1. Looking at F216, F173, F221, F199 in this structure, which one is modelled with pLDDT under 90, assigned by TED's automatic domain parsing to the domain that holds K121 and under 20 Å from the mean Cα position of the chain (by Cα)?
2. Output the number of residues of the stretch 155-191 satisfying the condition of being assigned to a loop (DSSP other than H, G, I, E, B), buried (at least 18 other Cβ atoms within 10 Å of the Cβ), out of contact with any Cys (no Cβ under 9 Å at 6 or more places or on another chain) and not hydrophobic (A, V, I, L, M, F, W, C).
3. Could you grab me the full set of residues in the stretch 117-143 that are touching a strand residue (DSSP E or B) at 6+ places or on another chain (Cβ under 6 Å), part of a helix (DSSP H, G or I) and closer than 26 Å to R201 by Cβ?
4. Which residues, counting only those in the stretch 117-158, are under 19 Å from A189 (Cα atoms) and small (G, A, S)?
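The values are calculated or read from the model by the stated rules, or taken from the named source; none is laboratory data. Everything numeric here is computed off the predicted structure, so don't read it as measured data. Note that we place each Cβ from the backbone using ideal geometry, even for glycine, and neighbour counts take in every protein chain shown.
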Amino acid sequence: MRKSEKVPWIIAGFCIGVTTCAAALLGAVFLPLSIESLISGALEDQSENARQIAAEFVADFPPPVLPFAEEADFGLAVQALDGSALDLGALRGKVIFLHFWSASSPVCVEEMRRIENLYRKAASSKVAFVCVALDDAATVRRFMQTHGHQMPVYTLNGEIPTVFTHRALPTTFLIAPNGAIAFSHTGTAEWDGAFCFRFIRALAGLGDQNERLPAFSDPRFPLL
């Protein structure tokens, strides 16, 4: 083949080579992007399907019952200092501050001052205080006259229901309006502090939008 005849073939070969290299380079750049796009789209579709399935599944979940652990026993039999019986069931629908104490305990005596302060701030048509003394009526009556407290106090008129069983005094139960025990606390506490006041108001539905239930993990008020 003559030299002049080789030139077109050389040029053609060069053009084909350049085109092939360019195509390979473009393929190396765009092919992974296309594959990634396809995979991403498939994953998004799967994720959306998974979210829809999860949403339908979760819709069947019952509401959580925590932090309320047990139902209160409204059969607790107590009587006021005038001898009249209290029907604890009549207080259902309110927040009930149920407190067991003894006038013979110095710790209880000191704590009653704080509870009296809380009573004066928090008592309302939606919040009831039931302070049950494990003493005879005469002893409790003398105590109330000596200290000038106004909160409602009662004495036992029967056995303490199992759900209110406690190992020491003082012991306090906070009963929610639906009859569940919100928490219990054995020992003294800063009952007249802002924390407990806000808690009771929020539980009773009296708090405004800035008053929310405090964290139940707060060590001052452990859950059951």
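1. None of the others qualify; the one that does is F199.
2. So the answer is 0.
3. Result: Y119, single match.
4. A122, A123, A128, A133
This table checks each residue for (1) in contact with a His (Cβ under 7 Å, 6 or more places away or on another chain); (2) in contact (Cβ under 8 Å) with a residue 40 or more places away in the chain; (3) not small (G, A, S).
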position: V127; (1), (2), (3): no, yes, yes
position: A138; (1), (2), (3): no, no, no
position: Q145; (1), (2), (3): no, no, yes
position: V163; (1), (2), (3): no, yes, yes
position: L174; (1), (2), (3): no, yes, yes
position: P177; (1), (2), (3): no, yes, yes
position: F183; (1), (2), (3): no, yes, yes
position: W191; (1), (2), (3): no, yes, yes
